[in-house]
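First comes the structure, then the notes that go with it.
The values are calculated or read from the model by the stated rules, or taken from the named source; none is laboratory data. What you see is a predicted model; the values in this text were computed from it and never measured. Counting neighbours? That spans all protein chains shown, and the Cβs are built from the backbone with ideal geometry, glycine included.
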Amino acid sequence: MALTIVMYHYVRDLGRSRYPAIKARTLEAFKGQLDYIGRNHEVVTMKQVAAAARGEERLPDNACWLTFDDGYLDHYLNVFPLLEARGWEGSFFAPAQPILEGRVLDVNKIHFILAAEPDAGRIVEELRRQVERAREDGADLRPWDDYVAEYMTQCHLDTPEVLFIKLMLQKGLPEAVRNRVCDELFARFVSADEVAFASELYLSVDQARTMVRSGMAFGGHGYSHQWLASLDGEAQARDIDRSLEFLGQLGVPAEDWTICYPYGSYDRTTVELVRERGCALGLTTREAVADLGRDGALELPRVDTIFLPAA
Ligand SMILES: [Zn+2]
């Protein structure tokens, strides 16, 4: 039973936004894509997919499930009205911490640092200053040139500088240093007021509750959007339980809940933990059309919106 699970992140009117360099689906392209989906697919609900995964229901041949990651305000302002007008359900996977605590996720900080400063060389220069300062303060860091040799490399998507900044802030530097440097760069290039920025970037609890009451579906996306496979079992369980508590706060029913693994990161322990807690469906970032007969219900692949026609 083939199921096209489409994965979206930002959906916004880029031309009129303060950060036109953000990698987003534009509103026009999103509308075009909904038209395409309407002509070629039948949009199914989270409940239908859960029932089909248990073998209780058959999905239509051209089934399509719309999923939106990271709890952006875009989803309330731009996506929700368009789906509601078509009578379609979207499934939204929001991390709890940014919404409850007004924190901007590091992954989002990196997006906006790169979007705010078009000259990546200037960001690299500031990064170098920060790393050298941290070394002087006694952080256990390698010499700067080592990092450049390892992470300043060619790839088909980004320039060497942009890739270097991403890799350094995602995994190159030790976690404590990485978080602090990310905060410094964000304050310098984007905004000194993280809480205000978060309130413009993410949904509020009330907006999410409104969407739930109006027939949209929500699933878990971790409490603090961590690479679950990098945590031990206890830390994974704690993160999953806190994200379930958050779903309860949004008014999401506890039975047949679903999870989208942040960064697509999960392992055997994660699958066991969510299974024990009655999770019906788990979404990954593996790129493929899902097949409910072949793929495990807790390890479903998806298709990024960029691979679907937008007209
Ligand atoms: Zn995410």
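Below are the figures for this structure:
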read-out: Residue match in region 238-246 (condition: part of a helix (DSSP H, G or I) and aromatic (Phe, Trp, Tyr)); value: yes
read-out: Residue in region 250-261 that is in contact with a Leu (Cβ under 7 Å, 6 or more places away or on another chain), part of a loop (DSSP other than H, G, I, E, B), more than 30 Å from Gly38 (Cβ to Cβ) and not aliphatic (A, V, I, L, M) present; value: no
read-out: Index of the failed condition, Leu73 passing every other in (1) at pLDDT below 95; (2) of a type in the set (A, V, I, L, M, F, W, C); (3) touching a strand residue (DSSP E or B) at 6+ places or on another chain (Cβ under 7 Å); value: (1)
read-out: Evaluation of Tyr151 against (1) within 16 Å of the ligand (Cβ to nearest atom); (2) under 21 Å from Val107 (Cα atoms) (one fails), failing number; value: (1)
read-out: Candidate set: region 95-133, residues that are small (Gly, Ala, Ser) and closer than 28 Å to Leu228 by Cα; chosen: the one surrounded by the most Cβ atoms within 10 Å (Cβ to Cβ); value: Ala96
read-out: Filter result for Tyr202 (within 19 Å of Tyr10 (Cβ to Cβ), surrounded by 17 or more Cβ atoms within 10 Å (Cβ to Cβ), within 16 Å of the ligand (Cβ to nearest atom) and aromatic (Phe, Trp, Tyr)); value: yes
read-out: Members of region 145-169 that are loosely packed, with under 13 Cβ neighbours inside 10 Å and either closer than 15 Å to Asp183 by Cβ or among the aliphatic types (A, V, I, L, M) (or both); value: Ala149, Leu157
read-out: Residues of region 205-235 that turn out to be within 16 Å of the ligand (Cβ to nearest atom), polar (S, T, N, Q) and in a helix (DSSP H, G or I), as a count; value: 1
read-out: Residue in region 134-144 that is touching a residue at least 12 places away in the same chain (Cβ under 8 Å), surrounded by 13 or more Cβ atoms within 10 Å (Cβ to Cβ) and closer than 21 Å to Ala21 by Cβ present; value: no
read-out: Selection within region 272-296 - buried (at least 19 other Cβ atoms within 10 Å of the Cβ) and under 20 Å from the mean Cα position of the chain (by Cα); value: Val274, Cys279, Ala280, Leu281, Gly282, Leu283, Thr284, Ala290
read-out: Residue list for region 136-163, filter: in a helix (DSSP H, G or I), closer than 22 Å to Phe189 by Cβ and of a type outside the set (A, V, I, L, M, F, W, C); value: Tyr147, Tyr151, Pro160, Glu161
read-out: Near pairs, Cβ below 6 angstrom, 6+ apart or cross-chain, from region 72-83 (in the same structural domain as Ala24 (by TED's automatic domain parsing)) to any residue that is part of a helix (DSSP H, G or I); value: Tyr76/Gln207; Asn78/Leu27; Phe80/Met211
read-out: Of all residues in region 230-262 being at pLDDT 95 or above and of a type in the set (A, V, I, L, M), the one that is surrounded by the fewest Cβ atoms within 10 Å (Cβ to Cβ); value: Ala235
read-out: Pairs with Cβ under 9 Å, 6+ apart, first in region 263-279 and in the same structural domain as Val252 (by TED's automatic domain parsing) and more than 13 Å from Leu231 (Cβ to Cβ), second part of a helix (DSSP H, G or I) and within 16 Å of the ligand (Cβ to nearest atom); value: Val274/Ile240; Arg277/Ile240; Cys279/Ile240
